[in-house]
Structures are given as structure tokens and as C-alpha cells.
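The values are calculated or read from the model by the stated rules, or taken from the named source; none is laboratory data. Bear in mind the structure is a predicted one, so any value in this text is a computation, not a measurement. Glycine gets a Cβ as well: all are built from the backbone with ideal geometry, and neighbour counts include every protein chain shown. Heavy atoms of the whole protein, side chains included, go into the accessibility calculation; ligands, DNA and RNA do not. Shrake-Rupley method; radii C 1.70, N 1.55, O 1.52, S 1.80 Å.
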Amino acid sequence: MYLNANAFGTGPDLEPARALGRLLAALGVTGDTVSGDLDGRRDLLNEVLADRRVVLVLDNVRTTEQVRPLIPTTGSCVTIVTSRNRLRGLSIREGARCLTVPPL
């Protein structure tokens with residue numbers, strides 16, 4: 001799965017609750033089932049992904065706070081986060097491995 005967080009695009013950053021709504025819609029979850037609050041959407045995403053093997057690419061992220069709620073907590077999912085900023089909070093709290101890629 002791929003999600004552009006739009007941190008360095010022309011529009012506003014994609015807020016976590018809205019991003020979770022997009023991910024859930026892509027997984028076939030209908031709007032009636034999707035909670036309005038961030039925690040409810042995060043819990044639902046983890047529930048939907050519990051029995052699936054998924055690679056989730058969260059691209060163009062600005063801050064740790066923008067991306068932290070989007071990272072599934074199931075062991076069967078791998079998440080790749082790209083950003084122009086160093087997201088040290090992810091490596092400290094979530095144990096993420098950081099890789100710096102030089103400009104192309």
C-alpha cells in the first residue's frame with residue numbers, strides 16, 4: 001500500500017485521521033464502519049491488518065507526529081517511511097531503523 005502524506009507538496013499536510021481513513025478505504029472498509037476519531041481509526045486499521053501481510057509505504061512525511069498513528073502494530077506488516085527530515089522519534093520510540101539516502 002502507498003500513501004503520500006503531502007508534507008512537501010503544494011497542498012496541506014495530510015492529517016493522520018484523514019490518512020487512516022484513506023488507508024481503510026483502500027482496504028475495503030466502508031464509511032459506516034469508520035470511526036470519526038483518530039484512536040478508533042487506528043484500532044480499526046490494526047484489526048483489519050491483523051491477518052494480512054502488508055508493506056505500507058508512507059511517503060513524503062514531515063514529522064513523527066504525522067506518521068506515528070499510521071504505523072500498524074501487527075507483526076505481519078512492514079512500514080517504510082520516507083521524509084526529507086530526520087524522524088529520530090521513530091527510531092527512539094518505535095525502534096525504526098533509519099537509512100539516509102543521498103540526493104539522486
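Odds and ends about this structure:
- Pairing each residue of the stretch 1-18 that is under 30 Å from S76 (Cβ atoms) and aliphatic (A, V, I, L, M) with any residue that is open to solvent by 60 Å² or more (accessible area, probe 1.4 Å) and outside any loop (DSSP other than H, G, I, E, B), provided the two are 6+ apart or on different chains, yields C-beta distances under 7 Å for M1/A26; L3/R22; A17/L38.
- Sole residue being open to solvent by less than 70 Å² (accessible area, probe 1.4 Å) and not in a strand (DSSP E or B), chosen from N60, N6: N6
- Meets criteria (over 11 Å from the mean Cα position of the chain (by Cα) and over 26 Å from G9 (Cβ atoms)) for A25: no
- In the set (1) open to solvent by 60 Å² or more (accessible area, probe 1.4 Å); (2) among the aliphatic types (A, V, I, L, M); (3) in a loop (DSSP other than H, G, I, E, B), I80 fails one condition alone, (3).
- Among the residues making up the stretch 48-57, those that are touching a strand residue (DSSP E or B) at 6+ places or on another chain (Cβ under 6 Å) and either open to solvent by 30 Å² or more (accessible area, probe 1.4 Å) or within 17 Å of G95 (Cβ to Cβ) (or both) are V55, L56, V57.
- Identity of the residue in the stretch 83-96, out of contact with any Leu (no Cβ under 7 Å at 6 or more places or on another chain) and closer than 17 Å to P16 by Cβ, that ends up modelled with the highest pLDDT: S83
- Qualifying residue in the stretch 10-17 (condition: open to solvent by 50 Å² or more (accessible area, probe 1.4 Å) and modelled with pLDDT of 95 or more): no
- Hits in the stretch 11-57 (condition: outside any helix (DSSP H, G or I) and among the basic types (K, R)): R52, R53
- Selection count, the stretch 63-77, where residues are over 14 Å from the mean Cα position of the chain (by Cα) and either surrounded by 13 or more Cβ atoms within 10 Å (Cβ to Cβ) or in contact (Cβ under 8 Å) with a residue 12 or more places away in the chain (or both): 1
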